[in-house]
1. Go through (1) polar (S, T, N, Q); (2) under 26 Å from M152 (Cβ atoms); (3) not in a loop (DSSP other than H, G, I, E, B) and name the single condition T320 misses.
2. Give region 331-350 a look and list any residue that's under 24 Å from Q258 (Cα atoms) and at pLDDT below 95, or say none.
3. So which residues in region 330-353 are more than 19 Å from the chain's Cα centre (by Cα) and either under 20 Å from S399 (Cβ atoms) or open to solvent by 40 Å² or more (accessible area, probe 1.4 Å) (or both)?
4. One residue is enough: does region 358-370 have a residue meeting the conditions loosely packed, with under 14 Cβ neighbours inside 10 Å, touching a residue at least 40 places away in the same chain (Cβ under 8 Å) and within 30 Å of E186 (Cβ to Cβ)?
5. On the basis of being assigned to a loop (DSSP other than H, G, I, E, B) and either open to solvent by 50 Å² or more (accessible area, probe 1.4 Å) or among the hydroxyl-bearing types (S, T, Y) (or both), does T292 make the cut?
6. Could you check region 179-193 and list, in sequence order, the residues that are touching a strand residue (DSSP E or B) at 6+ places or on another chain (Cβ under 8 Å) and either crowded, with 17+ Cβ neighbours inside 10 Å or part of a loop (DSSP other than H, G, I, E, B) (or both)?
7. In region 304-327, how many residues are among the small types (G, A, S), within 23 Å of the chain's Cα centre (by Cα) and within 14 Å of E269 (Cα to Cα)?
8. Examine region 377-395 for a residue that is touching a residue at least 12 places away in the same chain (Cβ under 8 Å), within 22 Å of R155 (Cβ to Cβ) and charged (D, E, K, R), and state whether such a residue exists.
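The values are calculated or read from the model by the stated rules, or taken from the named source; none is laboratory data. Fair warning: this is a prediction, and the values are worked out from it, not measured in the lab. Backbone-built Cβ (ideal geometry, glycine too); neighbour counts: all protein chains shown. Accessible surface is based on the protein model in full, side chains and every heavy atom, while ligands, DNA and RNA are left aside. Shrake-Rupley method; radii C 1.70, N 1.55, O 1.52, S 1.80 Å.
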Amino acid sequence: MAALPKPAFEIEDFLAAEARKDLLRFTTAGSVDDGKSTLIGRLLYDSRAVYEDQIHAVAKASVNRTAGPLDFSLLTDGLRAEREQGITIDVAYRYFATARRKFIIADTPGHEQYTRNMATGASTADLAILLLDARHGALPQSRRHACIASLMGIRHFVVAVNKMDLVRYDRGVFDRIHTDFAAFLERLGAPAATFIPISALNGDNVTAHSAHMPWYRGLSLLEHLETVDLETAGPAAFRFPVQRVLRPDHTFRGYAGQIASGVIRPGDEVAVLPASRRTRVTRIVTYDGDLTLACAPMSVTLALADEIDISRGDLIAAGTPPSASRRIRATLVWMNERPLDLSRRYLLKHTTRTVPAEIASVRHRLDIGTLEPEPASTLEMNQIGMVEIAAAQPLHFDSYFSNPRTGSFIVIDAATNATAAAGMIVRAGESRIAELPRRRKTAVLDEWHEQAVSALREAGFEVKIKPCN
C-alpha cells in the first residue's frame, strides 16, 4: 500500500508559528456612544475572526435597528440588557489574530455609571484605544478614561476620531480635535499618542486605508496595532503571594499560588515575608510534574528547604526586596456610590492578603478637566484622588509603576463587603499621627507605648507603669 503524501503544511509548523507571535492586549475607552463596540466588531469582522453562525445571528438581530444591515456592536455586546439598550455594561473580552500578531481586546463601557468596569479592562492592557466622536470631540468621560488608563500604567495610546462620515470626512475637524486632545495627553504623560481618523461603521481606516480621506497618510488602525513597538522594562524581581499551603501528607509541604512577577528556579534563594526568613527553593511542583524554571503568570507550588511558618497572604520574594510599611500613599479611583468616609472602617485586599485599614487623609482630588490637584476631604463615585492609608498590619509592596501586581489593591467596605475603590501604590506613607482619626490616635499611641516598654525590659531595664490622671 502506497504511503499517503505528506501534507504541504504540517499542523506542528502552524502551531509553532502561532507560538512565535507576540501578544498585544488592548482596551477601548471613551464616552458613551462613541462607537467602541462597533469598532471592535468591525475589526473582528474585517479580520475574519467571526464565525458564520455568529454573523448570521447578528444579521438577524440587526433587523429594525438603525446601524445598517449588520450591527457590528452586537458581536461584543452579549448581555440581554446591552442589546436591548444599545449600550455596553460589562467588559467583553475578545481574541483574534493576524499574520503578524495575536490580540486580546477588552471592550469597556463608556457610561459614567460603569467607570469601574472600564478600570478593570484597562488594568491588564498594554495599549488603549481612546475613541472620540468627531462631532463632539473630547468629553469629560473621555478625559476621565484617558486619566484612568494612564494611572493603570498604559503608556501607548491610539486616539481614534470616529464617525468621520458624519462630518463629511472634514480634515479641519480632525485637526482641531488632534490639537486639543494631544495637549491634554501630553500633560497626562502620554506624548506619543497616535491619532487616526476612522469610521467604524463604514470601515474607513480600520483595517485598510480609506478613499474618503486621501489627506490622511498614516497607517490604518489594524496596521498600527500590528506594528506598534511595545518597549519592555527590565526583568522584574520575583514575587510570589502565597495563596494556599498544601500538606497532603507528612512528607510534603508546599506553597501554592500564582507568580506575580519574575523568574524562579530550584536552588534560588528567597526571602519569606513578613517572617524575614531566608531559605532556598527545592522544587517547583505542578500537576504535570516538576519544573526547572517558572515565571509569571504561572500557577505553581513551591517547596522550600527549611520549615518556616508560612500562611496565606505571606510573600515569597527574591531580588530587590519590596517595601514594608503599615502606611501607604496611593492613588484611588473611587467606585462606590457611598462617598469615602474617613471615619468608616475598610478592608484592604493586597495580593492574597486582606487586612483592616483606615483612610487617614485625602491629600488631594484630581480635576479631570485640568489635571490639577484640588483640596478635598472625601472622594465620590468615579473621582480620583491621592490618599494616605493606615493598615492594621504591615504590607510588603512595590510601587505600582515598577510592579503592578504587588503595587495594586482594592478597598472593600467592611460593613457591606462592597468594592469601594481600586488603588495604585505610590510609595510608603508618612507616619503622621495628627492625620489619624481620634480612635486610631489612641490605638497607635498604645501600640507605641507597648513596643517601647517591651524594648526597655528586653534591654534589662526595670519599667514601672504609673497611671496618669
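1. (3)
2. Taking region 331-350 as the starting set, the residues that turn out to be under 24 Å from Q258 (Cα atoms) are 347-350.
Selection gives nothing.
3. Residues of region 330-353 more than 19 Å from the chain's Cα centre (by Cα): 337-347.
If the condition is that a residue be more than 19 Å from the chain's Cα centre (by Cα) and either under 20 Å from S399 (Cβ atoms) or open to solvent by 40 Å² or more (accessible area, probe 1.4 Å) (or both), then E337, R338, P339, D341, L342, S343, R344, R345, L347 are the ones that fit.
4. Scanning region 358-370 turns up at least one residue that is loosely packed, with under 14 Cβ neighbours inside 10 Å, touching a residue at least 40 places away in the same chain (Cβ under 8 Å) and within 30 Å of E186 (Cβ to Cβ).
5. Values: assigned to a loop (DSSP other than H, G, I, E, B): yes; either open to solvent by 50 Å² or more (accessible area, probe 1.4 Å) or among the hydroxyl-bearing types (S, T, Y) (or both): yes.
Judged against the criteria, T292 is a match.
6. Our first condition is that a residue be touching a strand residue (DSSP E or B) at 6+ places or on another chain (Cβ under 8 Å); within region 179-193, this holds for 180-182, 185, 190, 192-193.
F181, L185, A190, A192, A193, listed by residue number.
7. Here the count works out to 1.
8. No, because not a single residue in region 377-395 is touching a residue at least 12 places away in the same chain (Cβ under 8 Å), within 22 Å of R155 (Cβ to Cβ) and charged (D, E, K, R).
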